[in-house]
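The values are calculated or read from the model by the stated rules, or taken from the named source; none is laboratory data. Computed from a predicted structure; not experimentally measured. All Cβ positions, glycine included, derive from the backbone under ideal geometry; neighbour counts span all protein chains shown. Keep in mind that these areas ignore ligands, DNA and RNA; they rest on the heavy atoms of the full protein, side chains included. Shrake-Rupley method; radii C 1.70, N 1.55, O 1.52, S 1.80 Å.
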Amino acid sequence: MLSYFSNPQRFDGLARRVIPVLGVLTVLLLGIGIYLSFFGSPPDYQQGDTVRIMYVHVPAAYMAMALYAALAGASFVFFVWRHALADAAAEVIAPVGAVFTVLALITGSLWGKPMWGTWWEWDARMTSVLVLLLVYLGYMALRAALEDAQQAARAGAVLAMAGVVNLVIVKFSVDWWSSLHQPASVIRFDGPTIHSSQLWPLAIMALAYTMLAAWLVFYRLRSRAVIQRARQIERRKLQAARAAQSTQGSGA
């Protein structure tokens, strides 16, 4: 499948069909999710309306982790099989994941101030999510710092795969160490503990974030491919112009 879509024309055809569908789903799900989150769900009996930050924060944190898993997976595929599409996917996923991580950290601080009385606490969950952001930024900086494209791709892949260790820490930090964060209440072996009146808006917002992230990744992948084709055309024109000049000079 990956080899099939490594062909630029095939991938472009797929992207042209997928991008509009993802865009429509994102708008619809965000509209429904925002309405249910702010008008269709009740205030929390302890947190009041402050709990509504959850509908922005939790999906953002989920996407920060999911996108890093996708980044690491694409990096592994490139590192083992040298698929150019996998490397391109990893490169475009990184900034998208970094944005969701920033959103998770900001909304977490906004939620933490009224609940815990502090904007920031160096507990395991907060610190590991901050490290996740630094790994995203480090990946992008490493690729930008190396001039050789293949060397940058390989070095970035190694860093992305190594960062999976921190991803595991983010997930299980509230179970392994004492933390201000409550334990997992949605993704649990024994099922969600959150009430359905809050679970459904949260699930729809998480799905909307997923569609948005997928739209951004496909859009950036297609844009990257278009830019590369334009550069190839410019190089060919330049080479043809030089060849023509060389031929004219030899004739003279």
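Below are the figures for this structure:
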item: Hey, TYR55 open to solvent by 70 Å² or more (accessible area, probe 1.4 Å), in a helix (DSSP H, G or I) and hydroxyl-bearing (Ser, Thr, Tyr) or not; result: no
item: Unmet criterion (only one of (1) over 27 Å from TRP215 (Cα atoms); (2) without any contact (Cβ under 8 Å) to a residue 24 or more places away in the chain; (3) open to solvent by 60 Å² or more (accessible area, probe 1.4 Å)) for THR118; result: (3)
item: Hits in region 25-51 - residues which are buried (at least 19 other Cβ atoms within 10 Å of the Cβ) and either within 25 Å of the chain's Cα centre (by Cα) or assigned to a helix (DSSP H, G or I) (or both); result: THR26, LEU29, GLY33, LEU36, SER37
item: Helices (runs of 4 or more DSSP H) wholly inside region 117-184 that include at least 1 residues being modelled with pLDDT of 95 or more and closer than 20 Å to LEU105 by Cα; result: 124-145, 164-176
item: Test result for THR107, surrounded by 13 or more Cβ atoms within 10 Å (Cβ to Cβ), among the hydroxyl-bearing types (Ser, Thr, Tyr), over 18 Å from the mean Cα position of the chain (by Cα) and at pLDDT 95 or above; result: no
item: Subset of region 88-110 that is among the polar types (S, T, N, Q) and either in contact with an Asp or Glu (Cβ under 8 Å, 6 or more places away or on another chain) or touching a residue at least 12 places away in the same chain (Cβ under 8 Å) (or both) - its residue that is farthest from ALA15 (Cα to Cα); result: THR107
item: The listed residue being surrounded by 15 or more Cβ atoms within 10 Å (Cβ to Cβ), in contact (Cβ under 8 Å) with a residue 40 or more places away in the chain and over 23 Å from the mean Cα position of the chain (by Cα), out of SER197, SER179; result: SER179
item: Scan of region 99-149 for residues that are among the hydroxyl-bearing types (Ser, Thr, Tyr) and under 30 Å from ASP44 (Cα atoms), ordered by number; result: THR101, THR107, SER109, THR118, THR127, SER128
item: Tally, over region 216-240, of residues that are buried (at least 20 other Cβ atoms within 10 Å of the Cβ) and modelled with pLDDT under 85; result: 0
item: Criterion (assigned to a helix (DSSP H, G or I) and touching a His at 6+ places or on another chain (Cβ under 9 Å)) met by exactly one of ALA74, ALA86, ALA64, ALA60; result: ALA74
item: Output for region 200-215, where each listed residue is over 22 Å from GLY23 (Cβ atoms) and surrounded by fewer than 21 Cβ atoms within 10 Å (Cβ to Cβ); result: TRP200
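For every residue, the table says whether it meets (1) farther than 22 Å from ALA104 by Cα; (2) at pLDDT below 95.
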site: ALA15; (1), (2): yes, yes
site: VAL18; (1), (2): yes, no
site: LEU29; (1), (2): no, no
site: TYR35; (1), (2): no, no
site: PHE38; (1), (2): no, yes
site: VAL51; (1), (2): no, yes
site: VAL56; (1), (2): no, no
